[in-house]
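Engineer: Below you will find the structure I want to go over with you.
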Amino acid sequence: MNSFLKSERIPLSCGCLRNKIMKSKLLAFAVTLGAAVFNAAAWDYEGHHAVNELALATLPANFPAFALTPEARTRITFLAGEADRWRNITDFKTARGLALGHCSGPDHYLDLEDLALYDLTPGTLPPLRYDFVADIVKARAAHPERFPAIDPEKDSDHTRELNGFLPWAMTEYYEKLQSGFATLAALEKSGGTPDEIANARQNIIYVMGVMGHFVGDASQPLHTTMYHHGWTTNNNPNHYSTSFKFHSWIDGGFFGKTGGIAPKKLTEKIHAAEKISIADEPDGIFKTAVNFVTDNNKLVEPLYRMDRDGKLSNRGDAGAEGRAFLEAQIIKSGQLLGNLWLTAWFTAPEDTFLEGVLQKRSAAVAEKTGADSK
């Protein structure tokens, strides 16, 4: 764990630390609304597209063929940007699109350092989303002194009290994909119509594409931290950037100024998808998601350090190390996404309820056909 994280996790009973955290939080809330809303993508569209493209390259030849056709690949990579497009209609002045921002915006991040405010650690996070919400509510009620007042004018979508739901979003999309594979298997086994089977396949393609966005978010270190739009704290001894624009530079500004992303080159650094080893354990996928977010949070300070030292520059070869770092992050998400897709397919349970419904329908059709033929 980074030294700056260790220093932030001294017990909150220490009054001086509490004041430090409160001052830091107040400064964070004082930044522009865009930072608070976290209205930037994690990776621009090109980066998210690359994550899904890399994940597709990990899949084995025996993965369901309908998901590997050229048309399906195009659809899956296009859907990498879907979750950001949901936020494009939001207008805080007119309150347009706030419901969509309220329900989906926090899915893009987790401010890991703030877990201490709720007396939680990555290892003690509850695997169910609303249990985490309940923990936040309880902590705010029991320890109001830990939390600065929220300016209603900067909380139009009512998400300022939240801490982000990224690992929950990853887990929920994984289970949606399991459900999709289970539905398809039931339809194919128990008399689903060609239209039903085609629709079930399209559902799977959609979920594969959209879930890739959140897995991609998790490898962008600035989506795992309270320091998401610059080192906005009164404790900055290492002189890291405080620029609000730092986030957009990491998302895609750097790549845009240095030749873009070449997914085909990056595929040389990935390997075939594998079943996630702890997938069958209780909450194994949630633990996988939390561990991935936590590991990438450890790279927040190295990222800021590279920026400070000019290694994320677009001048000549100065950014070579920065490019390698950011490409490695995209590769990580592509690899994990492929593993999640494969694991969901391997572990999809049998949908016995749907199978029963389909069998009754088939029996009723057969009975009617037999009666009509008499």
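Just so it is clear, none of the values below were taken in a lab; they were calculated from the coordinates. This one's a predicted model, so the numbers in the text were calculated from it and none came from an experiment. Ideal geometry is used to build each Cβ from the backbone, glycine not excepted, and the neighbour counts take in all protein chains shown.
Engineer: Out of residues 5 or more away from Ser313 or on other chains, whose amide H comes under 5 Å of its own, with H placed 1.01 Å from N in the peptide plane?
Structural biologist: Sorted by chain and number, the residues that satisfy this are Gly319.
Engineer: Angle, helix 352-372 long axis vs. longest principal axis of the chain, Cα atoms, 0 to 90°, nearest 10?
Structural biologist: 30 degrees
Engineer: Percent relative contact order of the chain, based on C-alpha pairs within less than 8 angstrom and at least six residues apart?
Structural biologist: This gives 28 percent for the chain.
Engineer: Just from its helices, what would the mean residue ellipticity at 222 nm be for the chain, if runs of 4 or more DSSP H residues each count -39500 (n - 2.57) and the sum is divided by every residue, rounded to the nearest 500 deg cm²/dmol?
Structural biologist: That comes out to -17000 deg cm²/dmol.
Engineer: Another question, if that's okay. Give a residue-ordered list of calculated ³J(HN,Hα) values for segment 269-277 (Karplus: 6.51 cos²θ - 1.76 cosθ + 1.60, θ = phi - 60°; whole Hz; x for Gly, Pro).
Structural biologist: 9, 10, 10, 4, 4, 10, 5, 5, 4
Engineer: With equal scatterers on the alpha carbons only and no solvent term, can you work out the Debye log10 of I(q)/I(0) for the chain at 0.12 1/Å?
Structural biologist: Result of the Debye calculation: -0.94.
Engineer: Can you tell me the order of 218-226, 58-66 when each peptide is scored by its average per-residue count of other Cβ atoms within 10 angstrom, highest first? Let's see the in-between values first.
Structural biologist: Values: 218-226: 27.0, 58-66: 13.7.
Descending packing order for the listed peptides: 218-226, 58-66.
Engineer: Pop out the ³J(HN,Hα) list for segment 50-57 in order, Karplus 6.51 cos²θ - 1.76 cosθ + 1.60 with θ = phi - 60°, rounded to Hz; leave Gly and Pro as x.
Structural biologist: Result, ordered by residue: 5, 4, 5, 5, 5, 4, 4, 5 Hz.
Engineer: Right, another one. What do you get for the angle between helix 15-30 and the principal long axis of the chain? Use alpha-carbon atoms, 0 to 90 degrees, nearest ten.
Structural biologist: Roughly 70 degrees between the two axes.
Engineer: Net charge near Leu125, counting Lys/Arg +1 and Asp/Glu -1 over other residues with Cβ under 11 Å of its Cβ?
Structural biologist: Value of the local net charge: -1.
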